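We did not get these values from a lab; they are worked out from the coordinates using the rules stated. Quick caveat, the model's predicted, so the values are computed rather than measured. Glycine also receives a Cβ, built like all others from the backbone with ideal geometry; neighbour counts cover every protein chain displayed.
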């Protein structure tokens, strides 16, 4: 018996994937959502406070993720757990292979998001989970009334410093430049915190300790000076990397690994689309990811209507 051929397979269930699923369900498409993790939400589940999603001020990332999932499931959307290992382009159809199953589909939406980047310094891997963390909201409670540092200068680093300032005795924000890249409102909040100190023009060269982190070896580029900072924890927030590795041999990516796709989500392979943080774009936010999810389903519908395999 021939396998069911879906209209679309959505890979990922973060804001982009969930929005795509909601729109696909409303369009009455035959689809499945595949999620590698055991929980939906993507990066936002690790965000303590979301204050820029319209209509939902001061909501936690976990709560926002739960609401998106509840909305989708309320419409009948089901999420299947599985890590996608390969997409094969068979022309009118695509074969999506996970570690457990193979699926046939007319179109694919890649909404796999991104992950935290690493510093790549000595001690980082050794002390991962032993004082080195990439998620302040996940691990901050372990450092209550202790001294920590946050490495980075963007929105996430500023948000982490703000969050940790509520728990920790002292927070150092280490940034390689002389001003933050974070949004002005976040930078202002960091500046106003009495227990947060910014170390400008500084990079971490090594992370050291015994059983857990005890210190970070620093280098001030402007002053050409090395120093040692006694800390109990190092929170790394130096950017993200797209989760595009399984698809790099299929679709075109830029030099940073982001899948080349515009606002319509179309890639260079007909029937394969990308949405959210995994694609090339100017602004990577929850709002723009959700917008991508809506746009990409419109593109999927147009493709199905004009292709020879249309079932709509």
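For the chain, what is the relative contact order in percent, using Cα pairs closer than 8 Å and at least 6 residues apart in sequence? Once divided by the residue count of the chain, the mean separation gives 20 percent.
Label zone (residue 195, point 7 Å along Cα-to-C-beta; backbone nitrogen cut-off 17 Å) within region 147-168: 147-150, 159-168. Of all DSSP-defined beta bridges confined to region 132-236, some 45% are antiparallel rather than parallel.
Relative to one another, the C-alpha centroids of region 60-113 and region 132-187 are positioned 33 Å apart.
Hey, what number do you get for the chain at 222 nm if only DSSP H runs of n ≥ 4 count, each worth -39500 (n - 2.57), divided across all residues, to the nearest 500? Walk me through the numbers before you get to the answer.
On the way: 6 runs with 70 residues, N = 312.
It comes out at -7000 deg cm²/dmol, rounded to the nearest 500.
Counting every other Cβ atom within 10 Å of each residue's Cβ, 288, 212 order from fewest to most as 212, 288. Each of the peptides 148-155, 121-128 was scored by the mean count of other Cβ atoms within 10 Å over its residues; in descending order, highest first, they stand as 148-155, 121-128. Pairs of Cα atoms nearer than 8 Å and 6+ residues apart set the relative contact order; for region 132-236 it is 31 percent. Of all DSSP beta bridges confined to the chain, the antiparallel ones make up roughly 45%.
Give the calculated FRET efficiency between residue 30 and residue 264 to the nearest 0.05, with a Förster radius of 22 Å applied to their Cβ-Cβ distance. Before the final figure, lay out each step's value.
Working: r = 22 Å, r/R0 = 0.98.
Here the calculated transfer efficiency is 0.55.
Extension gain, residue 220-residue 307: 0.36 nm per intervening residue step, less the Cα-Cα distance, totals 25.5 nm.
Sorted ascending by nearby beta carbons within 10 Å, beginning with the fewest, 260, 135 become 260, 135. Stretched out straight at 0.36 nm per residue, the stretch from residue 128 to residue 86 would grow longer than its current Cα-Cα span by 12.2 nm.
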